[in-house]
1. Using the beta-carbon distance between Glu377 and Trp311 and R0 = 30 Å, what value does 1/(1 + (r/R0)^6) give for FRET efficiency, to the nearest 0.05?
2. Select from the range 341-396 those trypsin sites (Lys or Arg not before Pro) which occupy a DSSP coil region and have at most 13 other Cβ atoms within 10 Å, ordered by residue number.
3. Peptides 129-141, 218-230, 243-255: what's the order by average Cβ count within 10 Å, highest mean first?
4. Would you mind putting 511-521, 311-321 in packing order, based on average other-beta-carbon counts within 10 Å, highest first?
5. In whole percent, how big is the carbon plus sulfur part of the accessible area of the range 302-390, probe 1.4 Å, protein atoms only?
6. How far apart, in nanometres, would the label points at Leu417 and Met524 be if each is projected 7 angstrom from Cα along the Cα-to-Cβ direction?
7. Suppose the chain between Gln275 and Asp387 were pulled fully straight at 0.36 nm per residue; how much longer would it get relative to their current alpha carbon spacing?
8. Could you calculate the contour length gain from Glu478 to Arg405, that is, 0.36 nm times the residue separation minus the distance between their Cα atoms, to one decimal place in nm?
Amino acid sequence: MWTRWTFLFEYKMKARHQNCSQMTTVAVAAIIVTLACALKIVAADQGIADDLAGDYCAKVGCCAGRNDTVCSAPILGTRCYCDDFCYLNRTGTGDCCPDFMSVCKGVTTPGPPTNGECIANDLDWDYCSKIGCCAGRNDTVCSAPRLGSRCYCDDACYLNRTGTGDCCPDFMSVCKGVTTPGPPTNGKCTKSCILGETKTINCNACQCRQIGENTTLICNQDECLIDLLLLNTIRTESRQFGWSAKNYSLFWGVTYDNGLNLRLGTLQSPEKILQIVPLKTVFHRDYQLPSSFDLRKVFGDKITDPIDQGWCGASWAISTAQVTADRFVIMTKGLMRDALSPKHLLSCNNDLQRGCQGGHLTSAWNWVMTFGLVTEECYPWDGRATDCAVSNQRSNNNLIVTCPRSAKTSPLRRVGLMYRVATEEGIMYEIMNWGSVQAMMKVSKEFFMYESGVYRCSNLALGSKTGYHTVRIVGWGEEQQNGRTVKYWIVSNSWGLWWGESGYFRILKGTNECQIEDFVVAAMPDIDNFCNISDQSFRENASYTLNGSDIS
């Protein structure tokens, strides 16, 4: 928290640790965004570095649990802490000492300024005035480095955040002609905010209030989807973690709760469902799985691209529809290649489901088995759950329905009974021979910021809430990292092509990372007259058994 790229607060505790809401903000020392370096820290002529430099945890040591007496040190007229309580409750920020993450958690983070100067050096006011303004979205041309991240001068930041968020400080004045308070010009942190003015700092609303003789910007303390401390920690240690992080424009300014509720959407299945007996793959002795395999390389554009679920908790519907579509492609050797409609499943599968508020995987697969899915062209995705617009009335046994608001018709694609796949090798064989599989994974905050590399769960967001998400595994591979071989799954997300590695991410394989190998399911497509088209050699090298009985 005491770093140049996060908020600096002086706290006075009413009752330390009794309740996080009982912390009273005495003075905001420094704050980023448009008022960075505009607030008084302790006194107008006093820099922040003197009282923040030096060792804290390195001197007092680190404590497990909570230890207010032993693991604390004076700082800015109050105390900072080196125990796990500050870390668990504030994701490494809050009232932890400046060197807590490096000393107690082994993670190197940028330190505070040491020259006694105002922190505005990294907030030079000329951004958009230098690089220009862009219509639409242009991350490359219309962006500039700022606070270890980037700010933007395009309409994407403005349209989604009304001129705040990850726009550069001078965006409103330069690109929109709206006058905003400028930074101090004397290089000192002596300027106060304007009484009564309001600002938005990331996902938190702030208001300038009178505190004693000074005016101070007081902000809400909601947990944000993009956490700058977490983002910069991962960026600093990306080689250690094996993956890199990014500040996504669409996620900046959004609360973490909204991210969990509207960007995931898989309802955790009851324990009895998770106890479904998985199929067991039995391999012949001479059969070997390759070290890498990617359905996209085998079937090309017949494998459906990741789509963006938007702010609708529909990962359960999207992954089900896309896995089903992929399996029709593979089982018919590309003859049935239509993308299928997740909108159909989202809007029409109402049994135990909550639409954009989440759904159960078992109910989704049972619905597809019973009713079937129309094509994406027939019932296109729009990121909303609406009244079902496809009739349950079928034309004889042809499984043909009329498309919404159209005279066109669409076949219904159905599947057999959903089954669960177990073991790393079993999942690999399933993908290579029958198509992509659906997996449920546990998601924590840092996953939203994934940009590239082989993702692995960290404990950096320990103490924050988590949610469940459903994704589509399309292959696997391996790479060398720091002299060792790292195995990974290739996974399709449902946040659009702008996220991750063109909509995909890679995650450690064989370690049940983020519980991704716990609940892997699929279903065989009902291909009717295409049964003889599927290559029978797919079945020659393995058999399936359930409770010891061969069911292949």
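The values are calculated or read from the model by the stated rules, or taken from the named source; none is laboratory data. This is a predicted model, so every value here is computed, not measured. Counting neighbours? That spans all protein chains shown, and the Cβs are built from the backbone with ideal geometry, glycine included. The area values use the complete protein model at the heavy-atom level, side chains included, leaving out ligands, DNA and RNA. Shrake-Rupley method; radii C 1.70, N 1.55, O 1.52, S 1.80 Å.
1. It comes out at approximately 0.80.
2. Arg394
3. The packing order, highest mean first, is 243-255, 218-230, 129-141.
4. 311-321, 511-521
5. 47 percent
6. 1.1 nm
7. Result: 37.0 nm gained on full extension.
8. Stretched out fully, the Glu478 to Arg405 stretch lengthens by 21.6 nm.
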